[in-house]
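**Q** Just dropping this structure here.
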Amino acid sequence: MKPVSRGRVVIVDPDKFVRTFLSNALLASGFEVTRSVSTSRESLKGFLKGEADVVLLELSLGDSMDGYC
């Protein structure tokens, strides 16, 4: 039987260490991490497909779309 997930999460942060840390913490807490990426453009691919209930987004990503938009 598949474990029950608390929700599906996309992580967006340019720092791989931060993405790994958040991913491990979320997985240990029962969340499903559907995507872990470094740019907002990459995150949109999964979010628009309905792969996530929530997005954890770094405020300053350095590309055209960031957490301030």
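**Q** Under the rule of at least 5 residues apart or a separate chain, name every residue whose amide H is placed under 5 Å from the amide H of Ser36.
**A** When sequence neighbours closer than 5 places are left aside, the close amide H contacts are Ile11.
**Q** Per residue, how much accessible area does the range 6-63 show when a 1.4 Å probe rolls over the protein heavy atoms, in square angstrom?
**A** I get 61 Å² per residue for this part.
**Q** Using the Cα gyration tensor of the range 1-60, with a ≥ b ≥ c the square roots of its eigenvalues, what is the shape: rounded (a/c below 1.5), prolate (a/b larger than b/c) or oblate (neither)?
**A** Oblate shape, in that a/c is at least 1.5 and b/c is the bigger or equal ratio.
The values are calculated or read from the model by the stated rules, or taken from the named source; none is laboratory data. Keep in mind the model is a prediction, meaning the values are calculated, not measured. Side chains included, ligands, DNA and RNA excluded: accessible areas come from the protein's heavy atoms. Shrake-Rupley method; radii C 1.70, N 1.55, O 1.52, S 1.80 Å.
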